[in-house]
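So the structure is just underneath, and the comments pick up after that.
Please treat every number below as a calculation from the coordinates, not as lab data. The structure presented is a predicted model; accordingly, all values stated were derived computationally and were not measured. So basically every Cβ, Gly included, is an ideal-geometry build from the backbone, and we count neighbours across all protein chains shown.
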Amino acid sequence: MGTKTEGNLKEAFAGESQANRRYLAFAKKADEEGYAQAAKLFRAAAEAETVHAHNHLRVLKGIKSTKENLQEAIGGETHEFKTMYPGMIETAKSEKNDAAFQTFHFANQVEKIHASLYTKALENLGKNEILDYYVCPVCGNTVEKAAPERCPICGTPGKNFIKIA
């Protein structure tokens, strides 16, 4: 059992992490609506929230060696696709919430891929092989080397995939 401060750090980390993602989504919407200044402010605030989240995680000693971080990532992704998302998918289906079902289904499919990619990275750690990754902007599918002709999960054309720098 941790201290109250440790609990506060975990809560702050979660809140700052969510704010970062929310502000990036807000920035994207502002750009779409032609509000460049608001978009820029949202991106600046998102970056600041990332600084806060990283600081909290550092104090929590939540950043370890790359090997340990990969192992933790494999565990987290595996939990999501084996335990977390299946229950959420069933609930959305029973409540006939098609939009929630779709987003949970996409995420669940991609978390399996992430676990596999992290496992491969762990096995190849230190071999210094540098591969490109591409991410589907609709479902988040993550692939190595080159984008597919079409996303096998959601059908998005490969030309729309985002190459990760």
Sorted largest first, extent of the stretch 10-72 alpha carbons per principal axis (Å): 43, 21, 14
With only alpha-carbon atoms in the gyration tensor, what are the semi-axes of the equivalent ellipsoid for the stretch 16-165, in Å, largest first? 25, 23, 19
Using the crude model of +1 on Lys and Arg Cβ and -1 on Asp and Glu Cβ, and no other charge, please compute the dipole size for the chain relative to its Cα centre, in debye to 20. 180 debye
Counting other beta carbons within 10 Å of each Cβ, put CYS139, CYS151 in order, fewest first. CYS139, CYS151
Measure up LYS40/LYS61; LYS61/LYS82; LYS4/LYS120; LYS64/LYS145 against 30 Å on the Cα-Cα distance and list the ones that go over. LYS40/LYS61; LYS4/LYS120
At a 10 Å Cβ-Cβ cut-off, how would you order TYR23, TYR35, fewest neighbours first? TYR35, TYR23
